[in-house]
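As C-alpha cells, the structure follows; a few thoughts come after it.
The values are calculated or read from the model by the stated rules, or taken from the named source; none is laboratory data. Only a predicted model underlies this, so the values are computations on that prediction, with no experimental measurement involved. We place every Cβ from the backbone using ideal geometry, glycine too, and count neighbours over all the protein chains shown. The accessibility values were calculated without ligands, DNA or RNA, using every heavy atom of the protein model including side chains. Shrake-Rupley method; radii C 1.70, N 1.55, O 1.52, S 1.80 Å.
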Amino acid sequence: MMKTIFPLLALCLVFLSGCAITSTSTAKVQELAKPYVGIMTLVTDIDTDFNQLDSATYEQHIRGKFNNLENLKYRKHLEKTLARNLEQQQQVQTRIVKSSDVFELNANVSYSEFLEKIRATGVDGILLVNLRNYWYTNDYTTVHFDHVSTTTTDTEPSAVFYTYLLDSQTLHPVWFADSMVQGISAGYDTLHNHLARSISRKLRKDKYIMAKY
C-alpha cells in the first residue's frame, strides 16, 4: 500500500502543487458537418440558465460585465489559458480569438456592435465560459507535540463552470460542458489550467474544433 501511495503523492506535488479533481460532462446539442475554423473566447459570470445569446440575454446578463474593470485580471487569465491550451497543447488548427483583444476595456458596447465586432473577426463559433459557482473548502490539520496542539488551515478554491460553444450566426449552443474543478491549493490560476485542458480535450474528441492527428 505504501509503495502505491507515495508515488501518487509525489506526482501531485510535482505537477499540480496540490491534487485536483476535474470532472467534465458534455452534451452535443447539434452535430456539425465540419469543425469550426475560428472561435472567440468569452468569459462571463451569469447566474441564470442560458439558452441563446439573444438581445435580452445580452442586455440583462452580459453587457458591461464581459469587459469590465472589476474582473479584468481573472477574465484575461482565463482567456489566455484557454487560448494556450486550444492552440498549442492540443495542436489545434482552429484559430482562437480572445474577446479581450477585440473589445475595449470598460466600453459600453451595444448588442448590435457586439455582434458586428465578433463577426468581423471571421470566427464561426463563440466559446462562452461561464463561472456558475465558486467556493472555498477549509482543510484543518492538527499536530500534537509535547502536550501542545497546533492547528493549521489550508483553504482551497473550487468552481463549477458551464461552457457553451455557440454558432456565431444562429447564436444558439451547439455543444455544452459542465465542469467542476476541486482541490486546487495553488489558486485560480491552476484551476483555470485544469479547466482549459479538460475543455480542449473534450472539444477535440467531439470534433467541434480542427486538430492535427
Exercise for the section: Filter segment 29-60 down to residues that are under 18 Å from the mean Cα position of the chain (by Cα), more than 25 Å from Glu156 (Cα to Cα) and not in a loop (DSSP other than H, G, I, E, B), then give me how many there are. Expected result: 5
Problem - Candidate set: segment 6-28, residues that are in a strand (DSSP E or B) and modelled with pLDDT under 85; chosen: the one nearest to Phe114 (Cα to Cα) - result: Thr22
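State yes or no: is Leu82 touching a residue at least 12 places away in the same chain (Cβ under 8 Å), surrounded by 15 or more Cβ atoms within 10 Å (Cβ to Cβ) and of a type in the set (A, V, I, L, M, F, W, C)?
Values: touching a residue at least 12 places away in the same chain (Cβ under 8 Å): yes; surrounded by 15 or more Cβ atoms within 10 Å (Cβ to Cβ): yes; of a type in the set (A, V, I, L, M, F, W, C): yes.
Judged against the criteria, Leu82 is a match.
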Exercise for the section: Can you tell me which residue within segment 183-201, out of those that are modelled with pLDDT of 80 or more and open to solvent by 60 Å² or more (accessible area, probe 1.4 Å), is nearest to Glu156 (Cα to Cα)? Expected result: Arg197
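When you go through Ile21, Ile46, Ile39 one by one, which is the residue that is touching a residue at least 60 places away in the same chain (Cβ under 8 Å) and open to solvent by 30 Å² or more (accessible area, probe 1.4 Å)? Give the steps one after another, and end with the answer.
Working: Ile46 fails: open to solvent by 30 Å² or more (accessible area, probe 1.4 Å); Ile39 fails: open to solvent by 30 Å² or more (accessible area, probe 1.4 Å).
The match here is Ile21.
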Fill in the blank from the handout: Going through segment 62-79 in order, the residues found to be open to solvent by 50 Å² or more (accessible area, probe 1.4 Å), more than 19 Å from Ile96 (Cα to Cα) and not aliphatic (A, V, I, L, M) are Arg63, Lys65, Glu70, Asn71, Lys73
Fill in the blank from the handout: Output for Cβ contacts, cut-off 8 Å, separation at least six or different chains, first residue in contact (Cβ under 8 Å) with a residue 40 or more places away in the chain in segment 104-116, second open to solvent by less than 70 Å² (accessible area, probe 1.4 Å) and of a type in the set (Ser, Thr, Tyr), reads Tyr111/Ser55; Tyr111/Tyr58; Phe114/Tyr58
